[in-house]
Amino acid sequence: MYLGLDLGTSELKALLCDEHHRIHGIARAPLTAQRPQALWSEQDPQHWIDACERVMLALAAEHPQAMAQVRAIGLSGQMHGAVLMDKAGTVLRPAMLWNDGRSAAQCDHLTRAVPTLSAITGNLAMPGFTAPKVQWVREHEPQVFAQTSLILLPKDYLRWHLSGEAV
């Protein structure tokens, strides 16, 4: 048995399947984004953990024998979010999501500071990416930036919670 977890912006989806790709169970847990200001889009990473626990409990209740045979967990999910953590693994602020647009000024600065940025990275500097978000935190929340020891994408934060490994 294999468990797939997909951490989306609006829900966490779980799929339980066997080695022949037969689906044994599906579970979903809704998520909401907070928008405290125009262009901002954030989520509390604890909500992802809570959603993961809900889908795991639902699958275990409906398919206990199959869940007891899970050999591996695969993860997919929203990209480019920024989960900022301190040395102890404490989340320092709500995660800024892929659709957060507050860091346009930081993108302009990056583009001016490194004119070859798009040739080097293969991408334009855009507010949806992680680096401009981190620069925004550095400029607007210096106390949070100073405590930041680890930055994970949302699905990688979920992996860290499940395994203790930051990848």
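The values are calculated or read from the model by the stated rules, or taken from the named source; none is laboratory data. Just so you know, these numbers come straight off a predicted model, no measurement behind them. Here Cβ is always computed from backbone atoms with ideal geometry, including for glycine, and neighbour counts include all displayed protein chains. When the accessible area is computed, the model is the full protein with side chains, heavy atoms only, and any ligands, DNA or RNA have been set aside. Shrake-Rupley method; radii C 1.70, N 1.55, O 1.52, S 1.80 Å.
Please indicate, with yes or no, whether at least one residue in the range 102-116 is touching a residue at least 40 places away in the same chain (Cβ under 8 Å) and touching a strand residue (DSSP E or B) at 6+ places or on another chain (Cβ under 6 Å). The answer is no, given that none of the residues of the range 102-116 is touching a residue at least 40 places away in the same chain (Cβ under 8 Å) and touching a strand residue (DSSP E or B) at 6+ places or on another chain (Cβ under 6 Å). In the range 62-72, the qualifying residues are those that are open to solvent by less than 50 Å² (accessible area, probe 1.4 Å) and either small (G, A, S) or in a helix (DSSP H, G or I) (or both), and the one that is nearest to A104 (Cα to Cα) is A72. Taking the numbered list (1) hydrophobic (A, V, I, L, M, F, W, C); (2) exposed (fewer than 13 other Cβ atoms within 10 Å of the Cβ); (3) under 27 Å from V134 (Cα atoms) in turn, W40 passes all entries but (2). Considering each residue of the range 32-46 in turn, none proves to be assigned to a strand (DSSP E or B) and farther than 16 Å from V83 by Cα.
Can you find, within the range 19-35, the residue that is surrounded by the most Cβ atoms within 10 Å (Cβ to Cβ) among those that are closer than 30 Å to R93 by Cβ, touching an Asp or Glu at 6+ places or on another chain (Cβ under 6 Å) and not aliphatic (A, V, I, L, M)? Here the answer is R28. Of all the listed residues (L16, L59), the sole one being modelled with pLDDT of 95 or more, open to solvent by less than 80 Å² (accessible area, probe 1.4 Å) and assigned to a strand (DSSP E or B) is L16.
Results for (1) more than 30 Å from E139 (Cβ to Cβ); (2) out of contact with any His (no Cβ under 7 Å at 6 or more places or on another chain), shown as yes or no for each residue.
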| residue | (1), (2) |
| --- | --- |
| G25 | yes, no |
| A68 | yes, yes |
| Q78 | no, yes |
| A88 | no, yes |
| D108 | no, yes |
| R112 | no, yes |
| S118 | no, yes |
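Within the range 37-62, residues that are under 12 Å from L16 (Cβ atoms) have Cβ atoms under 9 Å from residues that are open to solvent by 60 Å² or more (accessible area, probe 1.4 Å) and part of a helix (DSSP H, G or I) in these pairs: A60/A68, counting only partners at least 6 apart in sequence or on another chain.
Of the residues screened, A146 is one that is modelled with pLDDT of 95 or more, exposed (fewer than 14 other Cβ atoms within 10 Å of the Cβ) and of a type in the set (G, A, S).
The condition of being touching a Gly at 6+ places or on another chain (Cβ under 8 Å) and under 26 Å from G25 (Cβ atoms) holds for only one of W98, W160, that being W160. Does any residue of the range 80-96 turn out to be open to solvent by 50 Å² or more (accessible area, probe 1.4 Å), touching a helix residue (DSSP H, G or I) at 6+ places or on another chain (Cβ under 6 Å) and touching a residue at least 24 places away in the same chain (Cβ under 8 Å)? Yes: one or more hits.
Counting only helices (runs of 4 or more DSSP H) that fall entirely inside the range 107-154 and contain at least 2 residues that are of a type outside the set (S, T, N, Q), over 21 Å from L97 (Cβ atoms) and out of contact with any Gly (no Cβ under 8 Å at 6 or more places or on another chain), the qualifying elements are 117-121, 142-147. Selection of the range 137-160 for residues being in contact with a helix residue (DSSP H, G or I) (Cβ under 6 Å, 6 or more places away or on another chain) and among the aromatic types (F, W, Y) yields F145, Y157.
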